[in-house]
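Engineer: Sharing a structure, written as structure tokens. Questions coming.
The values are calculated or read from the model by the stated rules, or taken from the named source; none is laboratory data. Since we're looking at a predicted model, the values are computed, not measured. Backbone-built Cβ (ideal geometry, glycine too); neighbour counts: all protein chains shown.
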Amino acid sequence: MDDILAEFIAETRETLEAVAGELVAWEADPGDRERLDAIFRFVHTVKGSCGFLELPRLERLSHAAEGALADVREGRRIADSTLVSAVLGIVDRIGELAEALDSGEAVPDGDDYLIAALSAEAPKPEPAAPEPASAGQRGTLRSIRISLDLLDRLMGGVSDLVLARNELSRRLQDAGADPAIEGAFERLSICVGDMRDAITRTRMQRIEKLFASVPRLVRDLSGELGKSVELVVEGGDVELDREMIEVIRDPLTHIVRNALDHGIETPDQRVAAGKPPQGRLRIGARQSGNQIIIDIADDGRGIDTDRLLAKAIAARVVTAERAEKLSHEARLQLVFEPGLSTARSVTAISGRGVGMDVVRANIEKIGGLVDIASVPGQGMTLCLRVPLTLSIIPALTVGAAGQNFAIPRSSIQEIVREGGGSVAVERIGSTMIARLRDQRLPVVMLEDALGLPAGDAGARRSLVVVNPAGGATYALSVASLYDHQELVIRPSCPAVMAAGVYAGMTLPDTGRPMLLLDPAGIADQAGVAAITASEVEAVPASPAEARERVSMLLFRDLDGEERAVRLGVVERIEDVSGEQIRFVAGRLRLAIDGRIIPLVGFDKLIDREMLSVLRLNDGAVELAYAIDEVVDIVALEGDVARAPSAGIVAGATLIGGRQVEVLDPHWLFADATATAVDGGDRPLCLLADRDDPWMREVLRPLVESAGYRVAFAGDAEPTSADVVIAGEGAAPDHTVPPARLLKLRNAIAAREADGASVYRYDRAGLMTALQARRAGGEG
Amino acid sequence: MSDTLYLVFELGGQRVAIASEIVDSVVHVVDIVPAPLAPPHIAGLAALRSRVITMVDARAALGLEPVTGAGVRVTVVVTLDGHQYGLIVDRVDDVCAIPGDPAPVRARLGAGWSRAASAMLEHDGASLLLLDPAALIAGARAEAA
């Protein structure tokens, strides 16, 4: 709450500065409609915020000023100098009160006098007005506002710093600098990384921050209005530029207030209309191409377009003849005209319809759009589309009719190939339905949806199960699947966007432009019914069922094996060059995006020119896992047979009839974290035979991935090693205590010959033995 | 009175001009990726160095026979409202300075032409139609709005 209050004070202070100029200009020319609107918006915003923050004095003042200004806007009153002075007095008082809130000082009462001065019959102001307290001391500021230009410059500076750091790193590698310099460089790298993260964070914020104030607002308003409202908030983890969040804050507050005040009916009215007594307000955010879409949907009475039209004609926004010809959508658009509202009564909550023109003005200022949909008696949905500053999104490339398209990964639930056992496509009437486990999904042929020639009837196609937020899940049937990649999305031109099925365009590495599909738009185009709020309620998703559908990323590992990892921990898949990989500070690390992250892999990676890595992220720890190629995204169907001991592999499961090892993300992250903490203090493992290529090429990465530094005999004294691994042929070294010695044998069955030895391809056994010795060393 | 530079090109058998200040470049485009469901005069997308431009079939935008078949397209690249467009034309003649102010179009043109032509110019003893690229890009849809 303190945060919100501080923000209100900062905002009011800032707007006051801007509004001061408007006020002076308005005083010079009281007929200036634009100035009037600007001042009106200011007092309206203050009123809205105070109502929410429970600041009755400010609310009373702003409500009074708003009322007088609304009269002027609607032509019921002429703006004369008396009124201007009265409004000026109130605006000044708002400023004083805001400062007082900050410094905790009291401002003497005198509000009634100021409010009385507003009334049309007010006598000439007398100088007897109580002298406002000299503006109190400004409180100590715990936050400051900085211009985004400055942030951008900081960001640019840090990017240059990262580039310079990378170059320095390359040169240090080449020159073979001494460890002291490397240590200092390592520290520098960490500082640069931290700084970059911090600066990035200053610009990007989770939209949660924006949504955080909504529950309280809804609770307070519904209490005040005697309504019962259930709030559903979705998509809080969508990240948005801070600037955008600030711009959206007020419009969102206005929309929520409007929905509660004018949209959702009282319980009695709702029951009379055959609806459940509790109203429903849904707020959802999602990313669609290079836009963030925020939907605010209520199930209230919707907009009364006839009343709206009547008001618009009365206010001369449209002529009666033209009004006749307006479509339903065009009539709804009238809501955005200044000074129009369908509210039957003017209330302190949402007021006089000013909200909607403020909403639109604010959103359009940042290049966004506001869409409105309303069904009388069933509710209305406002859709704010705002651009995303960072326009790189992970996407899947698919093919249809010989052309490639991209689908945003965020909306893909899973991918299945037709003809596999898990899915059957059947024709019902003229539509196609896919049966996927216990789900039945409408199938949309991408070619049909885009009006392209149909594909070869006999060809095996793939189904991409997409779930556009706020829409129905459906299966998009495509002729071919290509790869996952990160695409830089740019907005398409309006003529292409008007097709309604695209979210943007991109130029991938192929050099051929590609369009990014908008799954929600395709659903509309193909007539896949959107799920409304009431339907969602009718089909409650059982959490148990949801748990069973775990998507796994199936990939071919560097040792040729197919392995799988939970898709949820895979942030993205990226191609990196071997040059980005180095064995530094005790483990394999990947330099990427100007940072260094731990790398795990089943091979000596440095020699490869290019390889793919899975970037895994648990929200705090980031690591890369080197792979050969991505095979598919599949659903985890059966149980996972647990591995006998903890390690990189959690167990095995059946995917498409084959046994596939499943990685243990917990182990991976724990391993990466251990590295971050231990730094250079990793236990040392001495490999006994330097000339054995198997030890060098095969065993070494495994030992390293178990958390050891590796040295070869001769590089380090056997006594200084935490563990020594000796092959079968190596001469026994009696200086090493047996607890630290790990002997390998070449034959799987030769255990009886030496009970303490481990078969050299007994991966789990090796890992266990290494971990046991490492644990022993640490304890 | 200053001479204004115009790009003169041929379109549907006629010589027409556009103001050269909005022209970024004239390029030859081979590979056009179609944009399904886009209006008919939008020929698709093409790569121009690291950028993607929207290809506009200027003949289709004028209501003439659209360009068909594969081949090299002579393309006038213009920027409008932050988007880059490539106008496919028949042939580019020249950039020339034409003295005098454009005169209003007095002749009755076909529907497509009258939408796109903003004025007339006198050049080398012949009349040239001055086209408005924005109208070409908007295509036939402009009328409906």
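Engineer: If you go through segment A:489-526 one residue at a time, how many are more than 22 Å from residue B:57 (Cα to Cα) and not in a strand (DSSP E or B)?
Structural biologist: So the count comes out to 13.
Engineer: Can you tell me which of (1) surrounded by fewer than 21 Cβ atoms within 10 Å (Cβ to Cβ); (2) more than 10 Å from chain B (Cβ to nearest Cβ) is the one residue A:503 doesn't meet?
Structural biologist: The single condition residue A:503 does not satisfy is (1).
Engineer: Right, here's the next one. What strands (runs of 3 or more DSSP E) completely inside segment A:632-717 contain at least 1 residues that are over 37 Å from the mean Cα position of the chain (by Cα), farther than 30 Å from residue A:417 by Cβ and modelled with pLDDT of 75 or more?
Structural biologist: In segment A:632-717, the matching strands (runs of 3 or more DSSP E) lie at A:684-687, A:709-712.
Engineer: Between B:44, B:100, B:82, B:86, which is of a type in the set (Gly, Ala, Ser), farther than 30 Å from residue A:518 by Cα and out of contact with any helix residue (DSSP H, G or I) (no Cβ under 8 Å at 6 or more places or on another chain)?
Structural biologist: Matching residue, one of B:44, B:100, B:82, B:86: B:100.
Engineer: Then there is this: Here's a check for you: in segment A:42-60, which residue that is surrounded by fewer than 22 Cβ atoms within 10 Å (Cβ to Cβ) and among the aliphatic types (A, V, I, L, M) is nearest to the chain's Cα centre (by Cα)?
Structural biologist: A:53
Engineer: Answer yes or no as to whether residue A:560 is in contact with a Leu (Cβ under 8 Å, 6 or more places away or on another chain), on the phi > 0 side of the Ramachandran plot and either at pLDDT 75 or above or more than 14 Å from every other protein chain (Cβ to nearest Cβ) (or both).
Structural biologist: Answer is no for this residue.
Engineer: Right, another one. Please go through (1) under 23 Å from residue B:94 (Cα atoms); (2) within 12 Å of another protein chain (Cβ to nearest Cβ) for residue B:72 and return the number of the only condition it doesn't satisfy.
Structural biologist: (2)
Engineer: Name the one entry in B:81, B:57 that is within 14 Å of another protein chain (Cβ to nearest Cβ), of a type outside the set (Gly, Ala, Ser) and free of Cβ contacts under 8 Å to residues at least 24 places away in the same chain.
Structural biologist: Just a single option satisfies the conditions, and that option is B:81.
Engineer: Has segment A:421-431 got any residue that is surrounded by 23 or more Cβ atoms within 10 Å (Cβ to Cβ) and either within 12 Å of chain B (Cβ to nearest Cβ) or farther than 16 Å from residue A:288 by Cα (or both)?
Structural biologist: No, segment A:421-431 contains no residue that is surrounded by 23 or more Cβ atoms within 10 Å (Cβ to Cβ) and either within 12 Å of chain B (Cβ to nearest Cβ) or farther than 16 Å from residue A:288 by Cα (or both).
Engineer: Further question: Among the residues of segment A:445-455, is any of a type in the set (Asp, Glu), more than 17 Å from residue A:500 (Cα to Cα), surrounded by fewer than 19 Cβ atoms within 10 Å (Cβ to Cβ) and modelled with pLDDT under 90?
Structural biologist: No - not one qualifying residue is present in segment A:445-455.
Engineer: If you don't mind, there's one more thing I want to ask. Just to be sure before I move on: is residue B:93 charged (D, E, K, R), touching a strand residue (DSSP E or B) at 6+ places or on another chain (Cβ under 7 Å) and at pLDDT 90 or above in the structure I sent?
Structural biologist: It is false that residue B:93 is charged (D, E, K, R), touching a strand residue (DSSP E or B) at 6+ places or on another chain (Cβ under 7 Å) and at pLDDT 90 or above.
Engineer: Follow-up. Being more than 8 Å from every other protein chain (Cβ to nearest Cβ), buried (at least 19 other Cβ atoms within 10 Å of the Cβ) and among the β-branched types (Val, Ile, Thr) is true for just one of B:42, B:32, B:22. Which residue is that?
Structural biologist: Exactly one of B:42, B:32, B:22 is more than 8 Å from every other protein chain (Cβ to nearest Cβ), buried (at least 19 other Cβ atoms within 10 Å of the Cβ) and among the β-branched types (Val, Ile, Thr), namely B:32.
Engineer: Still on this structure: Tell me which residues, restricted to segment A:78-103, are among the β-branched types (Val, Ile, Thr) and part of a loop (DSSP other than H, G, I, E, B).
Structural biologist: A:78
Engineer: Starting from residues that are of a type in the set (Ser, Thr, Tyr) and exposed (fewer than 14 other Cβ atoms within 10 Å of the Cβ), keep the ones in segment A:305-340 and report whichever is farthest from residue A:38 (Cα to Cα).
Structural biologist: Filtering segment A:305-340 for residues that are of a type in the set (Ser, Thr, Tyr) and exposed (fewer than 14 other Cβ atoms within 10 Å of the Cβ), the one farthest from residue A:38 (Cα to Cα) comes out as A:327.
Engineer: Right, here's the next one. Search segment A:432-454 for residues being within 14 Å of chain B (Cβ to nearest Cβ) and over 30 Å from the mean Cα position of the chain (by Cα), and hand back the single one that is nearest to residue A:631 (Cα to Cα).
Structural biologist: A:447
Engineer: Any chance segment A:468-481 includes a residue that's within 30 Å of residue A:599 (Cα to Cα), modelled with pLDDT of 80 or more and away from chain B (no Cβ under 14 Å)?
Structural biologist: Yes, because at least one residue in segment A:468-481 is within 30 Å of residue A:599 (Cα to Cα), modelled with pLDDT of 80 or more and away from chain B (no Cβ under 14 Å).
Engineer: Filter segment A:1-12 down to the residues that are modelled with pLDDT of 75 or more and in contact with a Lys or Arg (Cβ under 9 Å, 6 or more places away or on another chain) and list them by number.
Structural biologist: Of everything in segment A:1-12, those that are modelled with pLDDT of 75 or more and in contact with a Lys or Arg (Cβ under 9 Å, 6 or more places away or on another chain) turn out to be A:6, A:7, A:10, A:11.
Engineer: Among the residues of segment A:265-310, which ones are assigned to a loop (DSSP other than H, G, I, E, B), over 23 Å from residue A:329 (Cβ atoms) and in contact (Cβ under 8 Å) with a residue 60 or more places away in the chain?
Structural biologist: Selection gives A:273, A:290.
Engineer: Of all the residues that make up segment B:120-145, how many are modelled with pLDDT of 85 or more, away from chain A (no Cβ under 14 Å) and outside any strand (DSSP E or B)?
Structural biologist: Count: 1.
Engineer: Report every pair of residues separated by at least 6 positions or lying on different chains whose Cβ atoms are under 8 Å apart, first residue within segment A:415-428 and outside any strand (DSSP E or B), second exposed (fewer than 11 other Cβ atoms within 10 Å of the Cβ) and small (Gly, Ala, Ser).
Structural biologist: Close Cβ pairs satisfying both conditions: A:421/A:657.
Engineer: Any residue in segment B:2-18 that is under 30 Å from residue A:524 (Cβ atoms) and either under 16 Å from the mean Cα position of the chain (by Cα) or within 11 Å of another protein chain (Cβ to nearest Cβ) (or both)?
Structural biologist: There is no residue in segment B:2-18 that is under 30 Å from residue A:524 (Cβ atoms) and either under 16 Å from the mean Cα position of the chain (by Cα) or within 11 Å of another protein chain (Cβ to nearest Cβ) (or both).
Engineer: So, one more: Across segment A:482-500, what is the number of residues that are of a type in the set (D, E, K, R) and within 14 Å of chain B (Cβ to nearest Cβ)?
Structural biologist: Qualifying residue count for the region: 1.
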